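Colleague: For reference, the structure I am asking about is given below.
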Amino acid sequence: DWVMDDFIENTVAKLREQIGDKKVILGLSGGVDSSVAAGLLSRAVGKQLTCVFVDQGLMRKDEGDFVEETFTKLFDMNFVRVNCKDRFLSALRGVTDPEQKRKIIGTEFYNVFWDKVREQGSDGFFAQGTIYPDRIESGKGNQAGQGSTAVIKTHHNMVEKPDDINFAGTIEPLGDLFKDEVRQVGEKLGIPHDLVWRQPFPGPGLGVRIIGEITEEKIKILQEADAVFRDEIRKSGIESQLKQFFAVLPDVRTVGVMGDHRTYDHLIAIRAVTTDDFMTADWARIPYDVLAKVSNRLCNEVEHVNRVVYDITSKPPGTVEWE
Ligand code: XMP
């Protein structure tokens with residue numbers, strides 16, 4: 001429609017004027033907002049833009065590759081992917097407390113991201129995918145980083161900029177838009193549908209969906225299980241009715257039977273919610289026949305899974321995520 005075409009054209013012109021021949025750095029999480037911001041900046045200044053994508057190894061199956069492919073093949077920019085799964089895994093070794101896990105993932109992300117920024121040079125602008133509701137929320141002060149002048153919304157919501165890094169300025173090209181407008185802009189820029197309509201994904205990624213210690217094996221099991229669940233939901237035609245749906249690995253093993261032998265393997269929990277604002281949520285009434293297919297496929301196709309449960313807890317008292 002006209003409004004969004006105008007928005008893109010005007011924003012691109014403004015960005016070109018503001019940026020001139022300087023460089024721009026953007027932290028790309030693979031979420032909707034930073035992806036659309038990247039698309040706009042790419043259209044405005046091409047290779048003057050560097051996107052830093054920190055892959056901590058806790059994304060969904062194939063997601064890191066998909067993000068890389070999208071932004072290297074469809075858009076003109078410098079794309080820097082930092083693969084640091086091993087670093088995150090060793091920092092998380094033996095840690096089971098949910099808050100401790102979040103803190104470690106946040107700290108590691110912060111260090112990796114800003115080190116990469118230092119390496120790239122901070123003589124230009126810093127861009128972020130902040131949208132209008134983020135600005136309102138941080139104004140209310142319910143996010144970390146409240147009161148600081150330079151905050152970044154990345155995997156880990158708001159993260160303060162280290163004092164030794166000084167940019168020419170901060171650019172927030174989506175700062176006046178609501179989520180549905182951001183999606184419209186994303187579609188117009190040619191960002192793939194799956195990215196534009198991506199469901200919310202927490203900053204700590206699968207780290208908050210693996211209860212207990214996070215190991216490479218558990219990540220693999222959860223990624224496979226989650227991919228199967230999402231595939232069945234897509235095929236069932238009910239995807240658009242769900243706000244968020246994913247698999248959880250509760251770190252529980254139970255006894256089962258496969259063929260003529262006993263198994264002692266992992267339990268997978270599946271979670272699907274409907275909600276307006278994520279402050280409260282209801283568990284989704286997924287049809288039994290869909291649940292049946294999901295359960296069969298999880299036990300048959302995902303190694304080390306022998307039992308499936310469906311989470312029927314609303315929020316409150318449950319949260320959407322398990323940690
Ligand atoms: P909860 O579990 O608090 O989740 O009911 C509400 C919504 O927030 C998402 N979530 C996060 N998003 N960083 C994020 O960017 C986080 O640390 C985080 N924790 C939860 C969750 O996926 C749901 O959409």
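The values are calculated or read from the model by the stated rules, or taken from the named source; none is laboratory data. Just so it is clear, the structure is predicted and the values come from calculations on it, not from any experiment. FYI the Cβ positions are ideal-geometry reconstructions off the backbone, even for glycines, and counts take in every protein chain you see.
Colleague: Given the condition assigned to a strand (DSSP E or B), within 20 Å of GLY212 (Cβ to Cβ), within 16 Å of the ligand (Cβ to nearest atom) and at pLDDT 95 or above, answer yes or no: does some residue in region 270-288 qualify? Don't jump to the end; show me each part of the working.
Modeller: Step one: of region 270-288, the residues assigned to a strand (DSSP E or B) are 270-274, 281-283.
Imposing the further condition that a residue be within 20 Å of GLY212 (Cβ to Cβ) reduces the set to 270-271.
Then keep just the ones that are within 16 Å of the ligand (Cβ to nearest atom); that gives 270-271.
Next, only the ones that are at pLDDT 95 or above stay: 270-271.
Within region 270-288 (the criterion being assigned to a strand (DSSP E or B), within 20 Å of GLY212 (Cβ to Cβ), within 16 Å of the ligand (Cβ to nearest atom) and at pLDDT 95 or above), the answer is yes, since at least one residue qualifies.
Colleague: In region 64-94, what count of residues is obtained for those that are crowded, with 16+ Cβ neighbours inside 10 Å and either at pLDDT below 95 or over 21 Å from ASP33 (Cβ atoms) (or both)?
Modeller: Number of matching residues: 5.
Colleague: Only one residue in ARG209, ARG262, ARG234, ARG230 is under 29 Å from ALA38 (Cα atoms) and surrounded by fewer than 17 Cβ atoms within 10 Å (Cβ to Cβ), so which one is that?
Modeller: Answer to the selection: ARG234.
Colleague: Do you know which of the residues in region 289-303 that are more than 14 Å from ILE233 (Cα to Cα) and surrounded by 17 or more Cβ atoms within 10 Å (Cβ to Cβ) is nearest to the ligand (Cβ to nearest atom)?
Modeller: The residue in question is VAL302.
Colleague: Still on this structure: Has region 305-316 got any residue that is within 16 Å of the ligand (Cβ to nearest atom), more than 22 Å from LEU58 (Cβ to Cβ) and part of a strand (DSSP E or B)?
Modeller: Residues of region 305-316 within 16 Å of the ligand (Cβ to nearest atom): 311-316.
Now narrow it down to the ones that are more than 22 Å from LEU58 (Cβ to Cβ): 312-316.
This time we only want the ones that are part of a strand (DSSP E or B), so: 315.
Within region 305-316 (the criterion being within 16 Å of the ligand (Cβ to nearest atom), more than 22 Å from LEU58 (Cβ to Cβ) and part of a strand (DSSP E or B)), the answer is yes, since at least one residue qualifies.
Colleague: I would also like to ask the following. Among the residues of region 184-216, write down those that are more than 16 Å from the ligand (Cβ to nearest atom), touching a residue at least 40 places away in the same chain (Cβ under 8 Å) and over 15 Å from the mean Cα position of the chain (by Cα).
Modeller: Answer for region 184-216, where residues must be more than 16 Å from the ligand (Cβ to nearest atom), touching a residue at least 40 places away in the same chain (Cβ under 8 Å) and over 15 Å from the mean Cα position of the chain (by Cα): GLN184, VAL185, GLY186, LYS188, LEU189, GLY190, ILE191, PRO192, GLY212, GLU213, THR215, GLU216.
Colleague: Now a separate question. Can you tell me how many residues in region 95-134 are within 16 Å of the ligand (Cβ to nearest atom) and exposed (fewer than 13 other Cβ atoms within 10 Å of the Cβ)?
Modeller: 4
Colleague: Which condition from (1) within 16 Å of the ligand (Cβ to nearest atom); (2) crowded, with 21+ Cβ neighbours inside 10 Å; (3) modelled with pLDDT of 95 or more is the one that HIS155 breaks?
Modeller: (3)
Yes/no matrix, rows are residues, columns are (1) under 22 Å from the mean Cα position of the chain (by Cα); (2) assigned to a helix (DSSP H, G or I); (3) aromatic (Phe, Trp, Tyr):
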site	(1), (2), (3)
ASP21	no, no, no
SER35	yes, yes, no
LEU41	yes, yes, no
PHE66	yes, yes, yes
PHE79	yes, no, yes
GLY94	no, no, no
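Colleague: Here is a check on your reading of the model: is GLY31 closer than 21 Å to ASN166 by Cα, within 16 Å of the ligand (Cβ to nearest atom) and assigned by TED's automatic domain parsing to the domain that holds GLY169? Don't jump to the end; show me each part of the working.
Modeller: Details: closer than 21 Å to ASN166 by Cα: no; within 16 Å of the ligand (Cβ to nearest atom): yes; assigned by TED's automatic domain parsing to the domain that holds GLY169: yes.
No: the conditions fail for GLY31.
Colleague: Name the residue, out of GLY57, GLY64, that is in the same structural domain as ILE191 (by TED's automatic domain parsing), within 30 Å of LEU40 (Cβ to Cβ) and touching a residue at least 40 places away in the same chain (Cβ under 8 Å).
Modeller: GLY57
Colleague: Scanning for something over 27 Å from LEU74 (Cβ atoms), at pLDDT 95 or above, outside any helix (DSSP H, G or I) and small (Gly, Ala, Ser), does region 202-214 turn up at least one residue?
Modeller: yes
Colleague: Output yes when any residue across region 84-92 is within 16 Å of the ligand (Cβ to nearest atom) and either under 19 Å from the mean Cα position of the chain (by Cα) or at negative phi (or both), and no when none is.
Modeller: Yes, region 84-92 has at least one match.
Colleague: While we're here: When you go through PHE71, PHE109, PHE88 one by one, which is the residue that is under 25 Å from PHE278 (Cβ atoms), assigned by TED's automatic domain parsing to the domain that holds GLY190, in a helix (DSSP H, G or I) and touching a residue at least 12 places away in the same chain (Cβ under 8 Å)?
Modeller: Just one listed residue meets the conditions, PHE109.
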